[in-house]
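Just below is one structure, and these are the notes that go with it.
The values are calculated or read from the model by the stated rules, or taken from the named source; none is laboratory data. Computed from a predicted structure; not experimentally measured. So basically every Cβ, Gly included, is an ideal-geometry build from the backbone, and we count neighbours across all protein chains shown. Only protein heavy atoms, including side chains, enter the accessible area calculation; ligands, DNA and RNA are left aside. Shrake-Rupley method; radii C 1.70, N 1.55, O 1.52, S 1.80 Å.
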Amino acid sequence: MNDWWTRIENLDWARWSAPTLAGARIVLIIVAAWVLIALLQRLVRAARVRIAARLPGPDVARRAETLGRVIRYLVALVVSALATMMVLAEVGISLAPILGAAGVVGLAIGFGAQSLVKDYFTGFFLLFEDQLRTGDVVNVAGIGGLVEDITLRHVRLRDYDGNVHFVPNGLITTVTNMSRQFAQSVIDIGVAYREDLDEVFAVMRQVATGLRGDASFAARILGDLDIAGVERWDDSAIALRCRFKVAPLAQWDVRREYLRRLKKAFDERGIEIPYPHLTIYAGADKQGRAAALPVQVGRAKAVGPGGASASS
């Protein structure tokens, strides 16, 4: 016991004090960085909730949520970088050569990773210009779906089939957003050539009035039915076009319900919804006389026992 105590007394405390203090400072830096990140992220989250509560509308809330997520990510990145540099300084590694080398390496990486840099710049402007938000339905880079997450690097979409798509921001040149302010539910309807179009238009308006009167659709439909008229002449039908002005993301539900009710109304009034058919033309001679079209009608042969066929 006395031997151990003698060894402790003979230790060179001046030799071990500097590493001990450096280690304590490193631990303190790491703990302080962790606390600072948690505190700043909580402040960003509280500011986002307060802004969303004061400003009306779900669009503002979605934008605040998207920007808040990106700001929290940047806060963690910046504080972690500063803490790393402070730890390296405590270890005794000079930052000047590292920063100088980082400039050269960064230049080389900039040439080799231009697409990555483009992703971050495009992502910044997507968020700054408020082109899309979490919860929007968009079409970007030829892919459509619900925006689940936006970062400076990519946009995460989920399509109708449930597939998740990660689209790098650098590939986004055009954003088609179907979730802003209002939408138009465009509907094409085909009727037979023999139908009275005025009667068809009257039935379409009547069905639209009933749909707007439904409590489950009244809040989603923002205006009366707008009938554009005859859109085109198809092979077996006259195509009519109309549209509803609806709330964002309600265009598909309104279209499906309107077509369901219109089918029922057409059936009740005997308005034909045509199907493709073919008219056979036998041709004509130089005098304009049509030749007789030979048609032969026969009965199918019944197969008897043993595989023998007999005409019925």
Going through region 210-231 in order, the residues found to be part of a strand (DSSP E or B) and closer than 18 Å to F182 by Cβ are I221, D226, A228
Condition set within 29 Å of P276 (Cβ to Cβ) and of a type in the set (G, A, S), scope region 209-265, selection surrounded by the most Cβ atoms within 10 Å (Cβ to Cβ): answer is A237
Taking region 168-196 and keeping residues out of contact with any Lys or Arg (no Cβ under 8 Å at 6 or more places or on another chain) and under 17 Å from A141 (Cβ atoms) leaves L171, I172, T173, T174, V175, T176, N177, M178
Residue count, region 52-96, condition open to solvent by 80 Å² or more (accessible area, probe 1.4 Å) and at pLDDT below 70, comes to 4
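Filter the strands (runs of 3 or more DSSP E) completely within region 115-176 down to those with at least 3 residues that are open to solvent by less than 60 Å² (accessible area, probe 1.4 Å) and farther than 17 Å from L74 by Cα. Lay out the reasoning, then the answer.
Values: elements: 137-140, 143-150, 154-158, 164-168.
Filter on region 115-176 gives 137-140, 143-150, 164-168.
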Residue pairs qualifying under the 7 Å Cβ cut-off, at least six apart or on distinct chains, with the first in region 233-251 being outside any helix (DSSP H, G or I) and the second being polar (S, T, N, Q), are R243/Q184; R243/S185; F244/S185; K245/Q184; V246/S185; P248/S179; P248/Q181; L249/S179
Condition first: more than 23 Å from P276 (Cα to Cα), open to solvent by 50 Å² or more (accessible area, probe 1.4 Å), basic (K, R) and part of a strand (DSSP E or B). Can you find one or more residues in region 179-190 that meet it? no
Result of the Cβ filter at 8 Å on region 154-180, keeping first residues that are aromatic (F, W, Y) and partners that are open to solvent by 40 Å² or more (accessible area, probe 1.4 Å) and not in a loop (DSSP other than H, G, I, E, B), at least 6 apart or interchain, is F166/H154; F166/R156
Within region 195-213, the count of residues that are in contact (Cβ under 8 Å) with a residue 24 or more places away in the chain and of a type outside the set (A, V, I, L, M, F, W, C) comes to 4
Just one listed residue, out of L262, L240, L249, is on the phi > 0 side of the Ramachandran plot and in contact with a strand residue (DSSP E or B) (Cβ under 8 Å, 6 or more places away or on another chain), and it is L249
Result of the Cβ filter at 9 Å on region 19-31, keeping first residues that are open to solvent by less than 80 Å² (accessible area, probe 1.4 Å) and partners that are not β-branched (V, I, T), at least 6 apart or interchain, is A22/E90; A22/G92; G23/E90; I26/M86; I26/E90; I29/A83; I29/M86; I29/E90
